[in-house]
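K.L.:
Take a look at this one; I'll ask things after.
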Amino acid sequence: MLNFIKNKKNISHGWLLDVAIIFFIVLVLMTALLIGFEKKYKDKIYPGVTVGNIDLDGRPIRSARTIINEKINEINQDGITFYYGNKETIVKPIIASLESDLAYEIINFDAENTVLEAYNFGREDNFFVNLQNKLKSLFFKKQINLHITINDEQVEEALRNNFSELEIPAENAKLVSKKKIYLGGMENFQFDVQKEKLGKTIDYKKGISQLKKQLAQINNNSIELFTSTDYPTIYKKDALNIENKAQNIVALAPLVLKHDKQEWKLNKAELAGWLTLKNETAEDNDIIKVSINSEVVQNYLKEKIAPEINQEPIEAKFEIKNGRVTKFQASRDGITLNTEATFSKIEFEFIKNEQKEIDLVVEELKSNSSIEDVNDIGIKETVGIGESDFSGSPANRRHNISIGANTLNGIIIKPDEEFSLMGTLGEIDGSAGYKQELVIKDNKTIPEYGGGLCQIGTTMFRAALASGLPITMRRNHSYRVSYYEPAGTDATIYDPWPDLRFINDTGNNILIQSRIEGNNLYFDFWGTNDGRIAERTDPIIYNIVKPPPTKFVETLDLKPGEKKCTEHAHNGADAYFDYKVTYQNGEAKTERFNSHYVPWQEVCLIGVEELSEPEKSATSTEEAIE
């Protein structure tokens with residue numbers, strides 16, 4: 001019996017030993033496989049990671065960025081087709097311009113952060129989560145969405161410009177008035193309610209939503225737009241005793257709007273033009289009320305009253321004279337008419353409470369400058385200089401560069417302030433002195449403001465780099481522009497985005513001084529040197545791609561055979577440079593600035609007697625297979 005037990009124990013121990021040996025062997029094999037796997041994919045994207053239908057298995061970051069940018073280049077050049085019925089239009093991600101630096105993006109593709117997300121999958125978490133993600137991608141794939149930013153308003157505007165003629169917006173029941181003169185010259189108004197109408201509208205937001213989904217997968221297939229019935233919100237059947245109510249409101253004229261000693265009086269005719277119907281259930285259970293039209297009233301306030309009241313704040317400006325900082329422009333607070341709040345006040349006090357004199361809602365606008373003692377702002381020396389060359393610029397462009405440079409001259413950037421170039425430049429329009437340049441939309445040249453301001457953006461970017469400041473927002477131009485060579489050191493700006501932003505982390509004020517010498521623009525940053533050293537490498541330019549052949553577009557606006565080129569050809573390329581700031585305590589921060597420039601084909605209009613029939617689009621077998 002004892003021998004049996006002993007033999008049983010030996011068998012048990014032997015089995016456990018075998019299991020331990022097998023486990024150890026499996027562990028060694030798995031460790032070896034894992035080490036081999038990591039060695040194979042060192043500095044490469046793990047298998048199973050895709051962006052759209054692009055497999056990034058085993059690609060280094062640079063290679064992955066290149067292949068994604070190739071597809072992005074195609075989308076930028078070809079655009080995205082939207083269609084409804086037999087009508088179609090192409091929306092281009094880049095709005096091109098005759099003067100290259102006015103080109104801007106309404107759709108931006110961020111290949112850099114897309115590739116970083118793909119590369120970091122299986123690397124950014126702890127060991128066990130990373131291992132789990134690697135196994136998942138091996139068997140189930142990991143789909144990464146292309147990072148995109150879309151200016152919804154600009155895309156919708158492009159669609160509306162082409163499809164709005166096919167829409168029939170619903171019409172609410174309307175209040176219509178007719179002036180009537182009684183014996184003795186007494187003036188009054190008769191009112192009637194015009195019946196509502198159903199409409200049909202295109203769902204642009206649904207089309208843009210589909211656009212976002214497709215582009216996230218690097219897919220620029222045609223997108224169909226859909227319509228829906230547009231129902232009115234105000235019906236004639238619900239408008240009870242409206243005529244008498246409208247007459248009672250007009251009889252209150254004149255309405256007097258006041259601010260300080262100024263007055264604006266509205267007579268019966270003007271008030272009658274303000275009246276509208278409004279959907280508003282109240283104590284008397286009337287569904288439809290007589291009120292005032294928000295758009296009409298606010299337009300009146302903006303056009304007739306605001307110009308007499310509004311005063312923009314003035315920022316203090318400083319300059320260096322004889323080695324000392326002096327103030328050459330004192331700050332001043334401004335005031336502005338709040339048209340929205342004033343409308344609400346008129347609607348409540350005049351329409352509901354029948355008050356005939358109303359004070360306008362005016363708000364104070366504080367200037368950002370609180371610096372008064374120029375001897376105590378810590379500006380002692382030059383901390384960085386930015387420079388760019390605008391040789392060859394036409395007259396309008398030179399004029400705009402001068403306006404932008406003068407606007408920024410003397411501005412103070414406070415300690416820890418994030419400087420916004422767009423915010424500091426303010427309104428880019430004729431009232432600020434800017435001149436227009438031409439952009440291309442739907443094969444038409446349309447004037448827009450802003451030409452030359454990217455010279456300001458690029459020079460300011462270089463000044464911030466030279467000063468060792470952290471850059472928080474910067475985007476390169478869509479394609480290479482001669483004014484900003486070497487490629488990779490430029491910064492584009494356009495309202496509302498992209499912007500150029502950076503932070504003054506020097507602990508002291510920074511004073512911006514601008515100067516133009518010949519064809520060179522300079523921004524000098526003055527402050528206090530805190531011992532930091534800023535360095536940047538020369539840009540590396542690679543992946544130079546020639547543009548497609550010239551595209552000819554038929555037009556009836558030119559004489560037959562006459563040619564006019566509206567877009568110039570640009571080579572595509574990628575570029576990067578490294579930026580390093582070493583602080584006095586020995587700490588160093590590094591950053592790489594990558595730029596991608598789209599290869600852009602020349603586009604020329606050619607005059608014809610009669611436009612050719614457009615070719616019907618068809619998907620080839622090869623395209624379907626892809």
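K.L.:
Picking from 539, 528, 509, whose Cα lies most toward the positive end of the charge dipole for segment 493-601 (charges on Cβ: Lys, Arg +1; Asp, Glu -1)?
P.N.:
539
K.L.:
I need 473, 30 ordered by Cβ neighbour count within 10 Å, fewest first.
P.N.:
30, 473
K.L.:
Label 7 Å along Cα→Cβ of residue 533; segment 587-601 residues with amide nitrogen under 18 Å?
P.N.:
So the set is 587-591.
K.L.:
Check which residues have an amide H placed less than 5 Å from residue 500's amide H, if you skip close sequence neighbours.
P.N.:
Under 5 Å from the amide H of residue 500 lie the amide H atoms of 421, 422, each far enough along the sequence or on another chain.
K.L.:
Could you let me know the centre-to-centre spacing of segment 17-57 and segment 189-212, using Cα atoms, in angstrom?
P.N.:
58 Å
K.L.:
Continuing with the same structure: Segment 547-600 to segment 454-476: how many Å between their Cα centroids?
P.N.:
What the calculation gives is 17 Å, centre to centre.
K.L.:
Hey, another quick one. Go through segment 473-481 residue by residue and turn each phi into a ³J(HN,Hα) via Karplus (6.51, -1.76, 1.60, θ = phi - 60°); whole Hz please, and just put x for glycine and proline.
P.N.:
Going residue by residue, I get 7, 7, 9, 6, 5, 5, 9, 5, 10 Hz, with x marking Gly and Pro.
K.L.:
Note down the magnitude of the dipole of the chain about its Cα centre, charges +1 on Lys and Arg C-beta and -1 on Asp and Glu C-beta and zero elsewhere, to the nearest 20 debye.
P.N.:
The dipole magnitude comes to about 1740 debye.
K.L.:
Wrap a convex hull around the Cα atoms of the chain, take a quarter of its surface area, and give that in square nanometres.
P.N.:
49.9 nm²
K.L.:
Right, next: Where nothing but the Cβ of Lys and Arg (+1) and of Asp and Glu (-1) is charged, how large is the charge dipole of segment 378-607 around its Cα centre, in debye to the nearest 20?
P.N.:
400 debye
K.L.:
At a Förster radius of 51 Å, what calculated FRET efficiency corresponds to the Cβ-Cβ distance of residue 165 and residue 130, to the nearest 0.05?
P.N.:
About 0.40, to the nearest 0.05.
K.L.:
A further question follows. If you count, for each residue, the other Cβ atoms within 10 Å and average over each peptide, how do 346-353, 67-74 line up from highest to lowest?
P.N.:
Output ranking for 346-353, 67-74: 67-74, 346-353.
K.L.:
When a footprinting reagent is the concern and you count Cβ atoms within 10 Å, what order do 294, 137, 514, 391 take, fewest first?
P.N.:
In order of increasing Cβ crowding within 10 Å: 391, 294, 137, 514.
K.L.:
Additional query: Based on the Cβ-Cβ distance of residue 497 and residue 248, what FRET efficiency does E = 1/(1 + (r/R0)^6) give at R0 = 41 Å, to the nearest 0.05?
P.N.:
Once rounded, the FRET efficiency stands at 0.25.
K.L.:
Any idea how far apart residue 57 and residue 336 come out in nm if each label point goes 7 Å out from Cα toward Cβ?
P.N.:
It is 5.6 nm.
K.L.:
If only Cα atoms are counted, what is the Rg of segment 378-607, and what is its Dmax, in Å?
P.N.:
Calculated on Cα positions, Rg and Dmax stand at 19.5, 71 Å.
K.L.:
Can I ask one more? Whole-Hz ³J(HN,Hα) for each residue in segment 408-419, computed from phi via Karplus 6.51 cos²θ - 1.76 cosθ + 1.60 with θ = phi - 60°, x for glycine and proline: what do you get?
P.N.:
So the J values, rounded to whole Hz, are 8, 5, x, 6, 9, 9, 6, x, 6, 7, 8, 7.
K.L.:
To continue, here is another question. Express the relative contact order of segment 378-607 as a whole percentage, based on alpha carbon pairs under 8 Å and six or more residues apart in sequence.
P.N.:
Worked out over segment 378-607, it gives 25 percent.
K.L.:
Any cysteines in the chain with zero other Cys Cβ atoms under 4.7 Å from their Cβ? List them, or say none.
P.N.:
So, 454.
K.L.:
Quick check on packing: order 226-234, 478-486 by the mean number of other C-beta atoms within 10 Å, highest mean leading.
P.N.:
Per-residue mean Cβ counts within 10 Å order the peptides as 478-486, 226-234.
K.L.:
Then there is this: Fewest Cβ neighbours within 10 Å first, please rank 497, 526, 15, 274 accordingly.
P.N.:
Lowest to highest Cβ neighbour count: 15, 497, 274, 526.
K.L.:
Working out 0.36 nm times the residue gap between residue 24 and residue 606, then minus their Cα-Cα distance, what length gain in nm do you get to one decimal?
P.N.:
So the chain would gain 201.8 nm between residue 24 and residue 606.
K.L.:
Continuing with the same structure: Once phi is turned into θ = phi - 60°, what whole-Hz ³J(HN,Hα) does the Karplus curve with 6.51, -1.76 and 1.60 give for every residue of segment 494-506, x standing for Gly and Pro?
P.N.:
Karplus values, whole Hz, x for Gly and Pro: 6, 7, x, 8, x, 10, 10, 9, 8, 10, 7, 9, 7.
K.L.:
Another question, if that's okay. For residue 543, project a label point 7 Å along Cα to C-beta. Then give me every residue of segment 114-154 with its amide nitrogen under 16 Å of that point.
P.N.:
114-119, 146-148
K.L.:
Using the per-residue mean of other Cβ atoms lying within 10 Å as a proxy for protection, in what order, highest first, do the peptides 411-423, 296-308 fall?
P.N.:
411-423, 296-308
K.L.:
Excluding same-chain residues fewer than 8 positions from residue 142, which lysines have a Cα within less than 17 Å of its Cα?
P.N.:
The qualifying lysines are 44, 134, 213.
Quick note: the coordinates plus some simple rules give every number you see, no bench work behind them. The structure displayed is predicted, hence computed values, not measured ones. All Cβ positions, glycine included, derive from the backbone under ideal geometry; neighbour counts span all protein chains shown.
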